[in-house]
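Chemist: There's a structure below that I have some questions on.
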Amino acid sequence: MIGRIGIIGAGQMGSGIAQVAALAGYPVRLLDASEPALAKALETVDRNMQRMVARGKVTEEDRGSALRRISTSREMAAFGDCDVVIEAATENEQVKKEIFKALVPHLGANALVASNTSSISITRLAASTDRPGRFIGMHFMNPVPVMQLVEIIRGIATEEATYQAIRELAVKLGKTPVAAEDFPAFIVNRILLPMINEAVYTLYEGVGSVEAIDVAMKLGANHPMGPLELADFIGLDTCLAVMQVLYDGLADSKYRPCPLLVKYVEAGWLGRKAGRGFYDYRGEKPVPTR
């Protein structure tokens, strides 16, 4: 039975998971190495919930109660009484392994560990901990408060009880869980990121402009957001990291990251969060950069 939830990483994903967990009635411990990141996360959660109050989705009382359920820390020792800790740090395998190495000495013997990785092998991450049987992938979609899906990924050593407990947690958080096998990028990103990469190739080869490609996919395939706009929303560094995982893990040339995607990341044009990506967000409205 999961009572208290720990979350590592106070970025977009971590703060979103904290919000849905707190609204679902769970006490939440949110950890980040950066004090400003923790303050910003709490502000974001509060602002999001104020919007929900304005739309009549939650009451003012619910908002206040949820905010009080979230406590913050910069120390792993804060997770000592957590039943599950969800890691939502940057999509970098080495960084995640270092986090788990620092985390596990502070956990109770029966605590579960989940990673919100969008592409990295759960089996490999689990093997870097002292509890591969109680380790699992719990991949939320961005933005967490809005998107209904959670991919649940078992590593080779993940126990059935761990899977059932995390599946039940996802349902209690108001999400729809789907089981995915532990292959590079799982289900959603295995399909979505090659499509985005192909859109970047289409731009790279001059088949269409940024605007033409996005309008074509919105109106021609009924997508709510064009692939290049979506890439900017996800973060071009994350898109590149997932494509690299697919390319390395499956050794198939169809997953080769587009050189233009690499160039944008090298320039630091990572999308919305950096102010520039395939669109420039620094003015009143986004302007295509190509």
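Chemist: Has the stretch 159-182 got at least one residue that is assigned by TED's automatic domain parsing to the domain that holds residue 53, in contact with a Lys or Arg (Cβ under 8 Å, 6 or more places away or on another chain) and buried (at least 21 other Cβ atoms within 10 Å of the Cβ)?
Modeler: Scanning the stretch 159-182 turns up at least one residue that is assigned by TED's automatic domain parsing to the domain that holds residue 53, in contact with a Lys or Arg (Cβ under 8 Å, 6 or more places away or on another chain) and buried (at least 21 other Cβ atoms within 10 Å of the Cβ).
Chemist: Any chance the stretch 186-200 includes a residue that's more than 29 Å from residue 124 (Cβ to Cβ) and in a helix (DSSP H, G or I)?
Modeler: In the first step, residues of the stretch 186-200 are kept if they are more than 29 Å from residue 124 (Cβ to Cβ); the result is 199.
Narrowing the set further to residues that are in a helix (DSSP H, G or I) leaves 199.
Among the residues of the stretch 186-200, at least one is more than 29 Å from residue 124 (Cβ to Cβ) and in a helix (DSSP H, G or I), which makes the answer yes.
Chemist: Would you check if residue 126 is in the same structural domain as residue 58 (by TED's automatic domain parsing), in contact (Cβ under 8 Å) with a residue 24 or more places away in the chain, surrounded by fewer than 16 Cβ atoms within 10 Å (Cβ to Cβ) and not in a loop (DSSP other than H, G, I, E, B)?
Modeler: Values: in the same structural domain as residue 58 (by TED's automatic domain parsing): yes; in contact (Cβ under 8 Å) with a residue 24 or more places away in the chain: yes; surrounded by fewer than 16 Cβ atoms within 10 Å (Cβ to Cβ): no; not in a loop (DSSP other than H, G, I, E, B): yes.
When the stated conditions are applied, residue 126 does not pass them.
Chemist: Looking at residue 166 and the list (1) part of a helix (DSSP H, G or I); (2) at pLDDT below 95; (3) aliphatic (A, V, I, L, M), which single condition is not satisfied?
Modeler: (2)
Chemist: Can you pull out the residues in the stretch 142-158 that are closer than 23 Å to residue 126 by Cβ and exposed (fewer than 14 other Cβ atoms within 10 Å of the Cβ)?
Modeler: Residue satisfying the conditions is 156 alone.
Chemist: Under 9 Å by Cβ, and 6 or more places apart or on different chains, what pairs join a residue from the stretch 187-210 that is among the charged types (D, E, K, R) with one that is surrounded by fewer than 16 Cβ atoms within 10 Å (Cβ to Cβ) and outside any helix (DSSP H, G or I)?
Modeler: Partner pairs satisfying both residue conditions: 190/183.
Chemist: From the list 165, 157, 161, exactly one residue is closer than 30 Å to residue 1 by Cβ and touching a residue at least 60 places away in the same chain (Cβ under 8 Å). Which is it?
Modeler: The match here is 165.
Chemist: Taking residue 114 as meeting all but one of (1) surrounded by 15 or more Cβ atoms within 10 Å (Cβ to Cβ); (2) at positive phi; (3) small (Gly, Ala, Ser), write down the number of the exception.
Modeler: (2)
Chemist: I'd like to check which helices (runs of 4 or more DSSP H) are fully inside the stretch 201-290 and have at least 3 residues that are at pLDDT below 95. Outline the logic, then answer.
Modeler: On the way: elements: 210-220, 227-234, 236-250, 259-267.
Passing ranges, in order: 236-250.
Chemist: Please enumerate the residues belonging to the stretch 169-190 that are touching a Pro at 6+ places or on another chain (Cβ under 8 Å) and either modelled with pLDDT under 95 or closer than 23 Å to residue 25 by Cβ (or both). Steps first, please.
Modeler: Quick first cut of the stretch 169-190, residues touching a Pro at 6+ places or on another chain (Cβ under 8 Å) only: 170-171, 190.
Residues satisfying the conditions are 170, 171.
Chemist: Further question on the same structure: With the condition kept exactly as written, say whether any residue in the stretch 86-96 is farther than 15 Å from residue 117 by Cα and assigned by TED's automatic domain parsing to the domain that holds residue 136.
Modeler: Kept after step one, since they are farther than 15 Å from residue 117 by Cα, are these residues of the stretch 86-96: none.
No, the stretch 86-96 contains no residue that is farther than 15 Å from residue 117 by Cα and assigned by TED's automatic domain parsing to the domain that holds residue 136.
Chemist: Return the pair list, or none, for Cβ contacts closer than 6 Å from residues in the stretch 228-244 that are under 15 Å from residue 203 (Cβ atoms) and outside the structural domain of residue 264 (by TED's automatic domain parsing) to residues that are buried (at least 24 other Cβ atoms within 10 Å of the Cβ) and acidic (Asp, Glu), at least 6 apart or on different chains.
Modeler: none
Chemist: Give the residues of the stretch 69-123 that are of a type in the set (Asp, Glu) and without any contact (Cβ under 8 Å) to a residue 12 or more places away in the chain, sorted by residue number. Give the derivation first.
Modeler: Initially, the stretch 69-123 is screened for residues of a type in the set (Asp, Glu), giving 75, 81, 83, 87, 91, 93, 98.
The answer is 98, and nothing else.
The values are calculated or read from the model by the stated rules, or taken from the named source; none is laboratory data. Model, not experiment: these values are computed from the prediction. With ideal geometry, Cβ positions are generated from the backbone for all residues, glycine too; neighbour counts draw on all protein chains shown.
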